[in-house]
Amino acid sequence: MSLSLELENIKLKEEVHRLKVRVDYDDLCNIYNKRSTPKQINNALSKKWEGVLLIIDIDRFNFINDNFGYLIGDDILRNFSKAITLAVYEENAIIGRIGENEFLVFFPKKYDIRFIDKKIMLIKEHVQNIRLLKDNNFILSASIFSSTVLDGDTYETLFYRANQKLIEHKRLRSDFDKVYQQYNRLQESSYYSFENFCIVEQECIKIPYKLLIITIQPIDDSQKSNIEEIEMIKLYESISVNLRSGDFFTQYSETQFLLLCKFVEENKICFIKKRIKETFRNNSVGQCKLKISKFGVRRASI
């Protein structure tokens, strides 16, 4: 075979590979696309009926597109897929984008629940580190649900079970948003008077949420009266910049705020608590510390 013919064969193979990548991979995110993801998962299931599927949905992606523009939205999608890939780092995991802001991860072998929970928390942590170019205070979040492979499962049945959990989650979130929109006219910000806060709390009876109590504790009791008023203003500012859409807070006493966080995923609550503490530590005069504890937990009464 002549050298020129060998070069032509190499170019042909490269072109075939390029076309295959273009057909199977998402142009924006460089992971499997909607067409090839089911094929890859069904192929894995045909070899062995075991594994776990994760369905991952970017929360409030339409809000991002509407308020920051589609270029920022595309940038979020690219960084989101990178965050998932970095968090998963399993050589045999199948990662794909199946909708505008919906992704799948399939682990094609058995894993215990602790491994999957750890992966879910790791994905959420990586996602929360993504920042919008125009708003560093916007906390990106994702909803993640899993489905374990059962005997006889196909991609369709496996996906259906995980997707039903996501649909129910979105229904609850929609109910909460209706409450938020209804009472948002009471005040333009996330801060409510205590009376209005109690009204919202009662209206949220069907929504899973968590109440936190945030207390300022003077480091030096002798300076208590002079310091607390200043530090409460700093705490107000620290809470305001770290809330998600739909979270509410109010002043409960001279040294306390109440914070209502929708849904009860522990990692999200821990992240918000950490952010509030860090912001307060950076902005305060340094004479007080914070104590953030669970004041109460209420789950949806369905």
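Every read-out reported here was derived from the displayed coordinates using simple, explicitly stated rules and does not represent laboratory data. Since the structure is predicted, the reported quantities are computational estimates derived from the model, not experimental observations.
Gain on full extension, evaluated as 0.36 nm per residue between S46 and N282 minus their Cα-Cα distance, stands at 79.5 nm.
Stokes-Einstein diffusion for region 18-132, with the hydrodynamic radius set to the Kirkwood value over Cα pairs and evaluated at 4 °C in a medium of 1.567 mPa s, equals 87 µm²/s. Can you give me the long-range amide H partners of A142? Hydrogens built in the peptide plane at 1.01 Å from N, cutoff under 5 Å, separation of 5 or more residues or another chain. Those qualifying (amide H under 5 Å, at least 5 residues apart or on another chain) are D59. Applying a threshold of 24 Å to the alpha-carbon distances of K268/K289; K210/K274; K82/K273; K109/K210 flags K82/K273; K109/K210 as lying beyond it.
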